[in-house]
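Worksheet for the structure shown next.
Just so you know, all these numbers are worked out from the coordinates, no wet-lab data involved. None of these values were measured; they are calculated from a predicted model. Note that each Cβ is placed from the backbone with ideal geometry, even for glycine, and that neighbours are counted across all protein chains shown.
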Amino acid sequence: MEILTQTEVSLRKKEIIRKIKAGALFIHPTDTIYGIGCNALDQKAVEKIRLLKNRAENPFSIWAPSLKWIEENCIVDKIAKEWLKKLPGPYTLILHLKNKKAISSVVNVGQETLGVRYPNHWFSQIVAELGLPIVTTSANKSGQTFMTSLSNLDKEIENAVDFVIFEGEKESRPSQIVNLATGEVKRR
């Protein structure tokens, strides 16, 4: 496992994008906490994250490459349009998925909805250049404390990822979940 800084990611951007497209598992920073991610279209990579997290069925969220991607692949009604105006930001919007081929079926395991993030973070530029969504879920085993620094990264997860993009300790909480499919807002 390789640890990369923001500068190293910028210098090696094409290589990083190529690795993600090819199925790499990696830990990435967000505007809230660290996440574990992979190409959301790569079924094998998504299944590896499921095994690592001990999370057989719960749906994963994705980091969208653009707001346009969200509008093209999810049902965006009047209320959802208002929430999209708040992006980028620390929200996970649960939307009805209109294009089931936009992600691997193992991302949301039979759900008609999808958790969508578009964080206010420099890594959004990498995801935009990638041009496809990535899985983004907290970098921890289900039920365990989420990763805020390298010191509390689970060893099994550390050994399974191809690289870690690290930018120092995070002092935030996971994103706020806004379920636009049911109208429920979950405060963290």
Handout entry: lysines whose Cα lies under 17 Å from that of Lys86, excluding same-chain neighbours fewer than 8 positions away
Key = Lys68, Lys78, Lys186
Problem - Descending principal axes extents, the chain, alpha-carbon based, whole Å - result: 43, 34, 31
Problem - Estimated D of the stretch 28-77 in µm² per second, where Rh is the Kirkwood radius over Cα pairs and Stokes-Einstein applies at 20 °C, 1.002 mPa s - result: 170
Completion exercise
Taking placed amide H atoms and a strict 5 Å upper bound, the residues 5 or more places from Ile165 or on another chain that come that close are Leu4, Ile27, His28
Practice task
For the stretch 101-174, run through the GluC sites (Glu not before Pro) and keep only the ones in DSSP coil with at most 14 other Cβ atoms within 10 Å of their Cβ.
Solution key: Glu112, Glu169, Glu171
Problem - the stretch 25-136 shape via C-alpha gyration tensor axes, a/c threshold 1.5 - result: oblate
Practice task
Please identify every one of the GluC sites (Glu not before Pro) in the stretch 2-93 that sits in a loop by DSSP and has no more than 14 other beta carbons within 10 Å of its own beta carbon.
Solution key: Glu57
Fill in the blank from the handout: Once the in-chain neighbours fewer than 8 apart are removed, the lysines whose Cα is under 18 Å from Lys13 read Lys21
Problem - Residue-averaged 222 nm ellipticity for the chain, from DSSP H runs of 4+ at -39500 (n - 2.57), nearest 500 - result: -8000 deg cm²/dmol
Completion exercise
Nearest 10, in degrees from 0 to 90: the angle of helix 43-53 to the longest Cα principal axis of the chain is 70
Completion exercise
Contact order relative to length for the chain, counting C-alpha pairs under 8 Å separated by 6 or more residues, stands in percent at 35
